[in-house]
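Here's the structure, in structure tokens; my notes come after.
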Amino acid sequence: DGFAGETPLCDGVELALKRMKIGEIANVKIDASQGFKKGVDEKFLGVDLNARLELVAILQEEQPAWELKGDDKIEALDKKRALGNAHFARQDYARATRRYDQAVNIGASDYDMDDEDQKKRLKIACDSAYLNRAACHIKTGQFALAKADAAHVLDLEPTNTKALFRRAKAYVGLDEWPKARADLKALLAVDPDSKDAKRALADLTKREKAFKDKQRKLYEGKNLFK
């Protein structure tokens with residue numbers, strides 16, 4: 001009963017469900033290490049994760065991504081992305097990333113689509129999943145992965161403001177400040193009123209100044225060519 005209603009799945013329940021067959025009933029004992037996490041699931045920490053639970057798998061098996069066609073493919077992608085967004089809102093970035101992985105996998109190809117409108121909608125949905133995954137990577141400090149996801153979108157849409165902003169943040173995390181500045185300036189060229197870009201640019205200027213001041217003090221009074 002502790003997992004009914006709006007309670008999300010913890011890692012242990014999710015792992016157990018993945019191993020079950022449709023209609024199977026299993027008694028599962030979950031170690032606290034696979035339960036809800038402090039700082040992420042505060043209101044669910046009272047659930048006894050060491051109790052024996054009866055789980056019934058009642059969901060239908062998902063259709064493989066390669067079998068999905070047309071609007072069904074777009075709908076399936078959007079569902080995975082929505083699940084990722086829900087996990088992201090709970091700051092459960094690991095699970096959110098997995099959902100965005102699934103969304104990106106679904107939208108990886110439009111070879112079976114003849115309708116140009118469908119192709120466009122699929123690309124928009126897939127690009128959104130890439131950018132949401134980039135946001136997850138930034139939150140978890142995986143800046144190289146965030147840069148790659150944002151770059152994937154920018155390859156075909158170089159003025160995408162969200163992609164420019166996320167890649168700039170990734171560059172900052174990688175201490176590639178000139179590249180971060182270039183992306184922020186490109187963003188402001190498209191959207192001069194972007195407050196986020198202006199704040200990020202001001203923060204970048206402060207970072208650069210602090211670094212230069214630190215370097216100057218470090219070598220002040222030293223004759224490096226003695």
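Efficiency by 1/(1 + (r/R0)^6): what FRET value for D31 and A89, r their Cβ-Cβ distance, R0 = 30 Å, to the nearest 0.05?
Step by step, r from the Cβ atoms, then E = 0.70.
Grab the Cα-Cα distance for K79 and Q215, subtract it from 0.36 nm times how many residues apart they are, and report the gain in nm with one decimal. List each step's numbers first, then the result.
On the way: separation 136, 0.36 × 136 = 48.96 nm, distance 4.95 nm.
Net length gain for the segment: 44.0 nm.
Taking a 1.4 Å probe, which of E75, E208 shows the most accessible area, and what order do the others take after it?
On the way: E75 95, E208 35 Å².
In descending accessible area the options line up as E75, E208.
Below 27 Å, Cα to Cα, which lysines can K185 reach? Residues fewer than 8 away in the same chain don't count.
Within reach: K123, K139, K147, K162, K169, K195, K198, K206, K209, K212, K214.
If all Cα-Cα distances of the range 98-226 are sorted into 10 Å bins from 0 onward, what percent lands in each bin, rounded to whole numbers?
Values per bin, smallest distances first: 13, 34, 27, 16, 7, 3, 1, 0.
As a test of reading the structure, rank T97, T161 by solvent-accessible area (1.4 Å probe, protein chains only), most first.
Details: T97 25, T161 50 Å².
In descending accessible area the options line up as T161, T97.
Which length gain, in nm to one decimal place, applies between K206 and D193 when the Cα-Cα distance is subtracted from 0.36 nm times their residue separation? Don't skip to the answer; put the middle values down first.
On the way: separation 13, 0.36 × 13 = 4.68 nm, distance 2.06 nm.
Fully extending the segment from K206 to D193 adds 2.6 nm.
At 7 Å along the Cα-to-beta-carbon direction for both A148 and A182, put a label point, then send me their distance in nm to one decimal.
2.1
Using a 1.4 angstrom probe and counting only protein chains, how large is the accessible area of K214 in Å², to 10?
140
I'd like the accessible area for F143: 1.4 Å probe, protein heavy atoms, all chains in place, Å² to the nearest 10.
F143 has an accessible surface of roughly 50 Å² with all protein chains in place.
The values are calculated or read from the model by the stated rules, or taken from the named source; none is laboratory data. Note that the coordinates shown come from a computational prediction; the quantities given were computed from them, not determined experimentally. Note that each Cβ is placed from the backbone with ideal geometry, even for glycine, and that neighbours are counted across all protein chains shown. The accessibility values were calculated without ligands, DNA or RNA, using every heavy atom of the protein model including side chains. Shrake-Rupley method; radii C 1.70, N 1.55, O 1.52, S 1.80 Å.
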